[in-house]
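Just below is one structure, and these are the notes that go with it.
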Amino acid sequence: MAELIHTQETGTAHRSNPVVGTSRFIRYAFMPNRLRYCGVDDNSTLFEYGVENVVDGGLQPLLRSFQGAMPYLQLIARANGIADPFDERVVDAYWIGNSLLDGVEARQLYDHLDERFKKQLQGRTRDWVLSKAPAGARPHHNFHVFDVHSRTGELENTLETMDQCRVSWGKVVETAGPELIVERQPLVLLGGKLALGTAARERVARQVDGRGFADSAAVGDWVTVHWSWVCEVISQRQQANLVRYTDDHLRLANQTI
């Protein structure tokens with residue numbers, strides 16, 4: 001049943017639909033799960049839930065196995081007085097970015113990072129990561145990619161890995177069956193600092209066995225890309241939000257590179 005709640009994101013009552021939020025989470029979580037980077041190894045089941053847009057008792061254990069994203073969702077929800085960490089607005093805040101991120105105080109993020117990563121982060125590295133909270137970091141996926149996982153050993157720390165793991169945006173210039181050709185800015189190093197390069201065309205997958213989460217994508221649409229997988233079609237406002245939070249966290253990352 002949908003839950004009527006009030007949050008800072010809208011300033012008005014909002015009826016939460018559990019199917020919408022969980023389905024959106026799956027769009028972004030599917031490919032890293034398929035690549036066995038996060039979550040339990042059951043990507044075919046996860047994919048079916050996503051394309052069928054259903055929620056039942058079997059889905060929750062799959063979702064909660066994503067121990068990279070799940071704690072951030074819980075933090076965003078708790079800070080904004082939202083009961084469900086898979087509320088669509090919380091999911092949108094983590095993967096793309098919205099005003100719910102501003103509802104997380106610097107001290108809350110600092111304490112979250114300190115408690116969660118105290119075993120992996122030591123000495124100066126720990127100080128660098130924790131300093132990002134008062135400097136303006138937000139619990140956004142791209143913050144985790146640029147500043148946290150590169151120091152905790154979750155994945156190999158290479159420019160290519162960071163570029164694939166971050167959520168990026170691309171404009172569709174051609175549809176090619178199970179693939180799209182998009183113009184996308186790659187992550188590059190300029191003068192030893194992270195930056196976004198000139199947009200270039202690249203092929204990205206949007207379907208598995210004829211189905212995906214962006215089957216209706218058309219030339220001119222903005223789409224999000226995660227591990228060379230098209231997650232969804234997004235609005236111009238969402239694209240602008242993703243650009244903003246990506247730029248903000250690149251700037252923060254470059255302070256300690």
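Taken over segment 209-220, the residue count meeting the criterion of being assigned to a loop (DSSP other than H, G, I, E, B) and either in contact with a helix residue (DSSP H, G or I) (Cβ under 7 Å, 6 or more places away or on another chain) or aliphatic (A, V, I, L, M) (or both) is 5. Checking each residue in segment 14-36 for being assigned to a loop (DSSP other than H, G, I, E, B) and not aliphatic (A, V, I, L, M) picks out Asn17, Arg36. Residue check: Glu202 meets all listed conditions (1) at pLDDT below 95; (2) out of contact with any helix residue (DSSP H, G or I) (no Cβ under 8 Å at 6 or more places or on another chain); (3) outside any helix (DSSP H, G or I); (4) not basic (Lys, Arg) but one, namely (1). Among the candidates Val188, Val182, the residue that is surrounded by fewer than 15 Cβ atoms within 10 Å (Cβ to Cβ), at pLDDT 95 or above and among the hydrophobic types (A, V, I, L, M, F, W, C) is uniquely Val188. When each of Thr224, Thr246, Thr256 is tested for being modelled with pLDDT under 95, touching a helix residue (DSSP H, G or I) at 6+ places or on another chain (Cβ under 8 Å) and either under 28 Å from Leu101 (Cα atoms) or among the small types (Gly, Ala, Ser) (or both), the lone residue that passes is Thr256.
Looking across Thr161, Thr175, one residue alone is within 16 Å of the chain's Cα centre (by Cα) and among the β-branched types (Val, Ile, Thr). It is Thr161. Quick test for you: out of Gly39, Gly57, pick the one residue that is at pLDDT below 95, surrounded by 18 or more Cβ atoms within 10 Å (Cβ to Cβ) and in a loop (DSSP other than H, G, I, E, B). It is Gly39.
When the criteria are applied in full, Leu189 meets the requirement of being part of a strand (DSSP E or B) and farther than 25 Å from Asp209 by Cβ. Residues in segment 117-162 that are touching a residue at least 60 places away in the same chain (Cβ under 8 Å), in a loop (DSSP other than H, G, I, E, B) and surrounded by fewer than 20 Cβ atoms within 10 Å (Cβ to Cβ): 4 in all. Number of residues in segment 60-93 that are surrounded by 19 or more Cβ atoms within 10 Å (Cβ to Cβ), of a type outside the set (D, E, K, R) and not in a helix (DSSP H, G or I): the value is 7.
Residues in segment 94-107 that are without any contact (Cβ under 8 Å) to a residue 60 or more places away in the chain and touching a Pro at 6+ places or on another chain (Cβ under 9 Å) were compared, and the one that is surrounded by the most Cβ atoms within 10 Å (Cβ to Cβ) is Tyr94. Only one entry in Val243, Val233, Val223 is in contact with an Asp or Glu (Cβ under 9 Å, 6 or more places away or on another chain) and either surrounded by fewer than 21 Cβ atoms within 10 Å (Cβ to Cβ) or in a loop (DSSP other than H, G, I, E, B) (or both), namely Val233.
The values are calculated or read from the model by the stated rules, or taken from the named source; none is laboratory data. Keep in mind that this is a model prediction, so the values were computed, not measured. Here the Cβ is made from the backbone with ideal geometry for all residues, glycine too, and neighbour counts use every protein chain on show.
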